[in-house]
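Peer 1: This is the structure I want to talk about, given as structure tokens.
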There are 2 protein chains.
Amino acid sequence: MNSRVAELLPQRAAKIAQQLLDIIEIQKLEPGHKLPPERQLADMLEVSRPSLREALHILQAQGRVQIKHGQGTFVQEPLIAQELRASVMSKTHGLNELFNAREVLEVPASKWAAEKATKENIRLLRATLNQIDTITAAEPIDYEQLQTLDAKFHLTIVEIAGNRFINQTLNVLQDVMKMSMETTLRFPGRLKISRNEHSAILAAIESGDGDLALKLTLQHITGARAVALANAQVKNPD
Amino acid sequence: MNSRVAELLPQRAAKIAQQLLDIIEIQKLEPGHKLPPERQLADMLEVSRPSLREALHILQAQGRVQIKHGQGTFVQEPLIAQELRASVMSKTHGLNELFNAREVLEVPASKWAAEKATKENIRLLRATLNQIDTITAAEPIDYEQLQTLDAKFHLTIVEIAGNRFINQTLNVLQDVMKMSMETTLRFPGRLKISRNEHSAILAAIESGDGDLALKLTLQHITGARAVALANAQVKNPD
DNA sequence: TAACCTCCAGTGGTAAGACCTCTTGGAGGA
DNA sequence: TCCTCCAAGAGGTCTTACCACTGGAGGTTA
């Protein structure tokens, strides 16, 4: 439980939740294991049942336990951290919302970048693509680093565009997307397509062709959106 | 709040949390606004205080409220907007940058709004225009209030568009513009033109004509930009 | 008169106990 | 053997009481 989240949680319950996690870890309780009843746990830990219950709700929100009415509380296999973050974020922003925002901001910015990029800007963009290639050639692929570099490529374009407000907005948006979804580069074939599209965007910017940069950026984001949405449906088939 | 997340949160508290969010939204409670005391909120919503408290804890974990022991519970700006605001406020921005950002965000949003506006949305927009007319007819004109209502009109359109990220971004952008420049409505003839353009935009949205709404919004912002820039040159003749 | 201290009211924080709802298993009857 | 009913156990919610924190008002002292 990291310190920022802990600040946002009720102190008493957060402390009890940690105690419960310690018990699960020390006793090596497997997923599926049924914890003692709430009343008994509250006695054991010498806390009130409402406080114990709130701690269990925190653990449930973290995917560490599953509470079943009439049955009991069961240890659960921890969700992947990213899945958990995605489920928390999705209540505030849907993927389509984020991609729509990305589109309206990044597509015009790529046009402006094409109109004003310097040799130094192009060199920087190319260096970032080379870094992406280096990471891609490694085995196993460090997808987190890849996601960071991918964002860096796009944010560098936006920086070249020269609109500070949009730049700041897209920095925040990339953070939100990073929290909301796994990088689409994980999915079969996406890495190669993305690389080709990045190169084409860079070439358009280098040649000062704003309309082409715009079109290619839109195409790139549309592709990423399709993959992200397809993946989201696989994970949550309703 | 999608179904997967709902499973991770206690049902009762999650429902109450949503009710609280609805209240915050419907009453347009600003960040910093102090909510009624827990006991009063519990009475209002006809729930027990422990359930109400747990709902508030959920909202606090989401960053939507801040609970201060001994003081009360305060509405908080969504974390994304906080982050964006902090980032944006650390720099100054040129008028062209701000208007460019406004254009890329508001113009597509007006199209989306036209595609999904309800009768209630139209009623709200019309009410805002009526308020603008009331303020305009008074002597002397309260330009500060006029600026607020003008922003409200535009932000309501963006809200109808339904993209929360863009909505939060434009809320921050309007604040920045308010700090950066006087309302263009002060300038001779601008008030009448603006009013006509607002009415036309509302009519386009009401008739569901996204392309027209888009075109009129762009025209409106372009006009405001021209006035703002002309005024800036008068003020700063560099 | 200004600064400091104490007390009180309002607000959130926690607990105990009661009651409600759901689930499961066992007993009894057909 | 199958079905129904009931009781026990488990989670879910509420009511009431008490504790801890904060800020403001009033009183006292220098």
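Peer 1: Only one of (1) assigned to a helix (DSSP H, G or I); (2) farther than 21 Å from A:Arg102 by Cα fails for A:Pro140. Which number is that?
Peer 2: Of (1) assigned to a helix (DSSP H, G or I); (2) farther than 21 Å from A:Arg102 by Cα, only one is false for A:Pro140: (1).
Peer 1: While we're here: State which residue is farthest from A:Asp133 (Cα to Cα) when the search covers only the stretch A:199-238 and only residues that are touching a Leu at 6+ places or on another chain (Cβ under 6 Å) and at pLDDT 90 or above.
Peer 2: Per the criteria, the residue is A:Ala204.
Peer 1: Select from the stretch B:87-104 the residues that are in a loop (DSSP other than H, G, I, E, B) and at the interface with chain A (Cβ under 7 Å from one of its Cβ atoms) and write down the one among them that is farthest from A:Trp112 (Cα to Cα). Show your work before the answer.
Peer 2: Applying the first criterion (in a loop (DSSP other than H, G, I, E, B)) to the stretch B:87-104 yields B:90-94.
Next cut, at the interface with chain A (Cβ under 7 Å from one of its Cβ atoms) only: B:91, B:93.
Working: B:Lys91: 21, B:His93: 17 Å.
Among residues in the stretch B:87-104 that are in a loop (DSSP other than H, G, I, E, B) and at the interface with chain A (Cβ under 7 Å from one of its Cβ atoms), the one farthest from A:Trp112 (Cα to Cα) is B:Lys91.
Residue by residue, here is whether (1) within 13 Å of DNA strand C (Cβ to nearest atom); (2) at positive phi; (3) out of contact with any strand residue (DSSP E or B) (no Cβ under 6 Å at 6 or more places or on another chain); (4) not assigned by TED's automatic domain parsing to the domain that holds B:Asp209 holds:
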site	(1), (2), (3), (4)
B:Ala13	no, no, yes, yes
B:Arg39	yes, no, yes, yes
B:Gly63	no, yes, yes, yes
B:Gly72	yes, yes, no, yes
B:Ser87	no, no, yes, no
B:Leu105	no, no, yes, no
B:Pro108	no, no, yes, no
B:Lys116	no, no, yes, no
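Peer 1: A further question on this structure: If you scan the stretch B:105-163, which residues turn out to be more than 14 Å from chain A (Cβ to nearest Cβ), acidic (Asp, Glu) and more than 17 Å from the chain's Cα centre (by Cα)?
Peer 2: Passing the criteria: B:Asp133, B:Glu139, B:Asp142.
Peer 1: Could you say which residue among A:Ser194, A:Ser180 is among the small types (Gly, Ala, Ser) and within 26 Å of B:Leu79 (Cα to Cα)?
Peer 2: Answer to the check: A:Ser180.
Peer 1: Now, a different point. Hey, B:Thr169 hits all of (1) closer than 22 Å to B:Ile23 by Cβ; (2) crowded, with 17+ Cβ neighbours inside 10 Å; (3) at pLDDT 90 or above but one; which does it fall short on?
Peer 2: (1)
Peer 1: Pick from the stretch B:43-73 the residues that are within 7 Å of DNA strand D (Cβ to nearest atom) and within 23 Å of A:Ile58 (Cα to Cα): which of them is farthest from the other protein chains (Cβ to nearest Cβ)?
Peer 2: Ranking the candidates gives B:Val47 first.
Peer 1: Separate question: Scan the stretch B:34-51 and report the pairs whose first residue is over 15 Å from B:Ala17 (Cα atoms) and whose second residue is more than 11 Å from DNA strand D (Cβ to nearest atom), with Cβ atoms within less than 6 Å and a gap of 6+ or a chain change.
Peer 2: B:Lys34/B:Phe74
Peer 1: When you go through A:Leu29, A:Leu84, A:Leu79 one by one, which is the residue that is at pLDDT below 90, in a helix (DSSP H, G or I) and away from DNA strand D (no atom under 12 Å from the Cβ)?
Peer 2: A:Leu84
Peer 1: Still on this structure: Among the numbered criteria (1) closer than 24 Å to B:Thr156 by Cβ; (2) surrounded by 16 or more Cβ atoms within 10 Å (Cβ to Cβ); (3) of a type in the set (Lys, Arg); (4) more than 12 Å from chain A (Cβ to nearest Cβ), which single criterion is violated by B:Lys15?
Peer 2: (1)
Peer 1: For the stretch A:32-42, enumerate the residues that are assigned to a loop (DSSP other than H, G, I, E, B) and either more than 9 Å from DNA strand D (Cβ to nearest atom) or surrounded by fewer than 19 Cβ atoms within 10 Å (Cβ to Cβ) (or both).
Peer 2: Hits for the stretch A:32-42 are A:Gly32, A:His33, A:Pro36, A:Pro37.
The values are calculated or read from the model by the stated rules, or taken from the named source; none is laboratory data. Here the structure is a predicted model, which is why all the values come from computation and not from measurement. Don't worry about glycine lacking a Cβ; one is built from the backbone with ideal geometry, like all the others, and counts go over all protein chains shown.
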